[in-house]
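Undergrad: Provided herewith is a single structure, encoded as structure tokens, for subsequent inquiry.
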Amino acid sequence: MKNLAPAIFPPNGIGDTKPRNQAVLDWAHEIGKLTKPENIFWCDGSEREKEFLIAESLKQNALIKLNEKKVPRSYLHRSNPNDVARVEKFTFICTPTKEEAGPTNNWSEPAETYSKLYELLNGAMRGRTMFVVPYIMGPPDSALTKVGFEITDSKYVVLSMRIMTRMGKIALERLGNDTKAEWNRGVHSLLDVNPDRRFICHFPQDNTIISVGSGYGGNVLLSKKCLALRIGSYLARKQGWMAEHMLILGVESPEGKKHYVAAAFPSACGKTNFAMLIPPAHFKGWKVTTVGDDIAWMEIRDGRLFAVNPENGYFGVVPGTSYKSNPNAMKSIGHDTLYTNVALTDDGDVWWEGRDGDPPGHAIDWIGNDWTPDSKEKAAHPNSRFATPMRNNPALDPDVEKAQGVPISAIIFGGRRSGTVPLVYEAFDWSHGVYLGATMASETTAAATGEVGKVRRDPMAMLPFCGYNIGDYFRHWIGIGKRLTRPPLIFNVNWFRKGANGKFLWPGFGENMRVLKWVIDRCEQRGGALKSPVGWLPSPHDLDLDGLDIDHQCVADLLGIDHEEWQKELAEHKAFFDSLGGVVPNELQEQREQLVARFTE
Ligand code: OXD
Ligand code: MN
């Protein structure tokens, strides 16, 4: 096997912070015996460690240093072209029975899967360094926070984990010496980055993840999709909390009244943009702040939902990011950022499709080939990414580290739908809201391999991330609602509706503040709405559209409910529930029947 990650040899004082917890040591020893690395590097999260890893990565061409004046302290990594997105086909939930994984997951028997993976891992780190990365997910003092360890043979993974998690000594301290304490075991090896040997396997009962054959963030930063969502959702159900694919933002009015909102949109549907929204000039005095851009962990306190962002950084899609679409993201990724698969300009800057200004006359594309504006290929891969510390965000919420999290006033579901679904509407109550989440759908994007642009049902944006039976997941949502005395209001949004001419009807980006404002008005019990079969709909004058160049017909089209389209939609809801083979709880079947009935009233 070609050695894709030759060993590195740290000087004394780097790479030698061994954990004291015997359970961790035993596990690392076992994985070392199996993978047979040249040496073991125990990470501590220090600056010295980072400098050393960067220097070695530069020597091995795993990173390219960017122009220090243009993007200080930032680097470019190019992945293998066969390895640019999450691979849902090769992602498995390995529960003792297939029923526990449910109809929406690939299932594989745990014992057989362990033995297949151990065979692949046998000797896989020969000539490589095995890194042991301790990290926590969640604010340092939160009760929701979890400890994880990731073993990897990739320096890029270690450097990314430094950005995306609170990594190093902080985790060793949090775990302590208790050999019975809960912590996640993550093993990752690049192997030879061959799609035929690419498996992302989760063993929820063992709190264990094994990922082989990939170097792409969503498959290998095991803290994120694997722990915080798949294993996280399994633990959350068992322990009575929620792990969701949601951004969290704060909205503060000019009078200083603040609400927090969580929103679930599928991958690459604008969660990062929404979380960093800058209100348009018309909303003078309003402020939006970011708690998180991808994942929310929520628990019930005083009858309310409180949320924390388990992550420490943003792993966002680069193409389309600009001062027009997301100025705060542009400021965030202007320094201390690790880019993957964007283009490199001749002056050592980065470039991507959709960046402000003219394209460069010449660049090196994401694969490493010459590129000019006349090239047929894209300069940056459509799923090229940035990893940037959340502290780079000028709009970071001041309570992002708060142990108890932030109280959630509203939950928003949304997808990318060119037709049928109105710009915004509100559920009648929690159960109806769960139905909105359970039936949401979106056109697929480049964040996962497969066909792009195909409408698929993606319940709560968790289809690729729910680590157990989706029917039980729906039941968990309904059960949470019963425990809430002050539940958040639930909404559905669709920024992507198109008119007859095929053009988007809604300007999106910062203008989404107008929809957010209506959501907040509803939370404050002052926003107007009309009862429709699908839920509470704003009438055009309930939305603050002052100063927006949009004609009446556009607004009517955005908010319209086309009964014919909805008949099709209702049939699709039924087909989706039927496809799940009897796991859908009665409450949601009843919601569907009520929705059908409302259309005949
Ligand atoms: C992500 C994803 O990277 O959802 O956040 O794919
Ligand atoms: Mn995501």
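The values are calculated or read from the model by the stated rules, or taken from the named source; none is laboratory data. What you see is a predicted model; the values in this text were computed from it and never measured. Every residue, glycine among them, receives a Cβ derived from its backbone with ideal geometry; neighbour counts consider all protein chains shown. What goes into the accessible areas is simple: the full protein's heavy atoms, side chains included, and nothing from ligands, DNA or RNA. Shrake-Rupley method; radii C 1.70, N 1.55, O 1.52, S 1.80 Å.
Undergrad: Is the chain rounded, prolate or oblate when judged by the Cα gyration tensor, a ≥ b ≥ c being the square roots of its eigenvalues, rounded requiring a/c under 1.5 and prolate requiring a/b larger than b/c? Walk me through the numbers before you get to the answer.
TA: Values: a/c = 1.70, a/b = 1.37, b/c = 1.24.
Verdict is prolate for the chain.
Undergrad: Using only Cα atoms, tell me the angle between helix 470-483 and the longest principal axis of the chain; keep it within 0 to 90° and round to the nearest 10.
TA: That works out to roughly 60 degrees.
Undergrad: What figure, in Å² to the nearest 10, do you get for the accessible area of W107 with a 1.4 Å probe and non-protein molecules left out?
TA: Surface open to solvent at W107 totals about 80 Å².
Undergrad: Next question, about the same structure. List every residue whose amide H lies under 5 Å from the amide H of R126, counting only residues 5 or more places away in sequence or on a different chain, with H placed 1.01 Å from N in the peptide plane.
TA: none
Undergrad: While we're on this one: Give a residue-ordered list of calculated ³J(HN,Hα) values for region 246-262 (Karplus: 6.51 cos²θ - 1.76 cosθ + 1.60, θ = phi - 60°; whole Hz; x for Gly, Pro).
TA: For region 246-262, the Karplus-derived couplings read 9, 7, 10, 10, x, 10, 10, 7, x, 7, x, 7, 10, 10, 10, 10, 10 Hz, x marking Gly and Pro.
Undergrad: Let me ask something else about it. Please give the length that would be gained between H282 and K454 if that part of the chain were fully extended, namely 0.36 nm times their separation in residues minus their C-alpha to C-alpha distance (nm, one decimal). List each step's numbers first, then the result.
TA: Working: separation 172, 0.36 × 172 = 61.92 nm, distance 3.61 nm.
Full extension from H282 to K454 adds 58.3 nm.
Undergrad: So for the pair D16, S115, with labels modelled 7 Å out along Cα→Cβ, what separation do we get in nm?
TA: 4.1
Undergrad: While we're looking at this one, here's another question. Restricting to the chain, what percent of DSSP beta bridges are antiparallel, rounded to 5?
TA: Numbers: 63 of 97 bridges.
Bridges in the chain are about 65 percent antiparallel.
Undergrad: Let me ask something additional. Near K257, which aspartates and glutamates are there with a Cα under 19 Å away, not counting those fewer than 8 places off in the same chain?
TA: Counting by Cα, and skipping residues close in sequence, K257 has these aspartates and glutamates nearby: D397, D399, D521, E524, D544.
Undergrad: Just in region 121-186: which GluC sites (Glu not before Pro) are loop by DSSP and have at most 14 other Cβ atoms within 10 Å?
TA: E182
Undergrad: Trypsin sites (Lys or Arg not before Pro), restricted to region 1-107: which are DSSP loop and have at most 15 other Cβ atoms within 10 Å? Write down the numbers at each step before the final one.
TA: Numbers: sites: K2, R20, K33, R48, K50, K59, K65, K69, K70, R73, R78, R86, K89, K98; in loops: K2, R20, K69, K70, R73, R78.
Within region 1-107, the qualifying trypsin sites (Lys or Arg not before Pro) (loop, at most 15 other Cβ atoms within 10 Å) are K2, R20, K69, K70, R73.
Undergrad: Now a separate question. Please give the helix 22-35 orientation as an angle from the longest Cα principal axis of the chain, in degrees from 0 to 90, rounded to the nearest 10.
TA: Roughly 70 degrees between the two axes.
Undergrad: According to the square roots a ≥ b ≥ c of the eigenvalues of the Cα gyration tensor, what is the shape class of region 472-601, taking rounded for a/c under 1.5, prolate for a/b larger than b/c otherwise, and oblate for the remainder? Could you put the intermediate results ahead of the total?
TA: Working: a/c = 2.12, a/b = 1.41, b/c = 1.50.
In terms of gyration-tensor shape, oblate.
Undergrad: Quick one: net charge around N106, please, counting Lys, Arg +1 and Asp, Glu -1 for every other residue with C-beta under 15 Å from its C-beta.
TA: Working: positive: R86, K89, K98, K116, R198, K225, R230; negative: E88, E99, E100, E109, E112.
Taking every Cβ under 15 Å from that of N106, the sum is +2.
Undergrad: How many angstrom separate the Cα center of region 428-494 from the Cα center of region 174-235?
TA: If you average the Cα positions of each part, the centres end up 23 Å apart.
Undergrad: Go through 114-120, 525-531 and give me the packing order, highest mean Cβ count within 10 Å leading. Walk me through the numbers before you get to the answer.
TA: Values: 114-120: 15.6, 525-531: 12.0.
Descending mean neighbour count gives 114-120, 525-531.
Undergrad: Ignoring ligands, DNA and RNA, what accessible area per residue does the chain give at 1.4 Å, in Å²?
TA: Working: 22760 Å² over 601 residues.
Using a 1.4 Å probe on heavy atoms only, each residue of the chain averages 38 Å².
Undergrad: Note down the magnitude of the dipole of the chain about its Cα centre, charges +1 on Lys and Arg C-beta and -1 on Asp and Glu C-beta and zero elsewhere, to the nearest 20 debye. Before the final figure, lay out each step's value.
TA: Values: 70 positive and 73 negative charges, 189 e Å.
That gives a dipole near 900 debye.
Undergrad: Given an 8 Å cut-off on Cα distances and at least 6 residues of separation, report the relative contact order of region 210-282 as a percent.
TA: On the way: 56 pairs, mean separation 13.3, N = 73.
Relative contact order for region 210-282 comes out at 18 percent.
Undergrad: Rolling a 1.4 angstrom probe over the protein chains, ignoring ligands and nucleic acids, what is the accessible area of Y156 in square angstrom, nearest 10?
TA: Result for Y156: roughly 20 Å² accessible.
Undergrad: Moving to a separate point now. What residues have an amide H closer than 5 Å to that of V291, excluding those fewer than 5 places away on the same chain, when H is modeled at 1.01 Å from N in the peptide plane?
TA: The list, which skips near neighbours in sequence, is I248, L249, G250, D397.
Undergrad: Which order do the peptides 426-434, 548-556, 265-273 come out in when sorted by mean C-beta neighbours inside 10 angstrom, highest first?
TA: Numbers: 426-434: 20.7, 548-556: 13.1, 265-273: 24.9.
The densest-packed peptide leads the list: 265-273, 426-434, 548-556.
Undergrad: Also, quick follow-up: How large is ³J(HN,Hα), in whole Hz, for each residue of region 370-383 in order, when computed from phi with the Karplus curve 6.51 cos²θ - 1.76 cosθ + 1.60 and θ = phi - 60°, using x for Gly and Pro?
TA: For region 370-383, the Karplus curve yields 4, 9, 10, x, 7, 5, 7, 7, 6, 6, 10, 5, x, 10 Hz.
Undergrad: Moving on to the next point. Against the longest alpha carbon principal axis of the chain, how many degrees, from 0 to 90 and to the nearest 10, is the axis of helix 563-579 turned?
TA: Here the helix axis deviates by roughly 40 degrees.
Undergrad: A further question on this structure: As a test of the formula, what do you get for the chain when each DSSP H run with n ≥ 4 contributes -39,500 (n - 2.57) and the sum is divided by the residue count, at 222 nm and rounded to the nearest 500 deg cm²/dmol?
TA: On the way: 16 runs with 157 residues, N = 601.
After summing the helix terms and dividing by the residues of the chain, the value is -7500 deg cm²/dmol.
Undergrad: For region 251-286 and region 403-423, write down the distance between their C-alpha centroids in whole Å.
TA: Each part reduced to its Cα centre gives a spacing of 11 Å.
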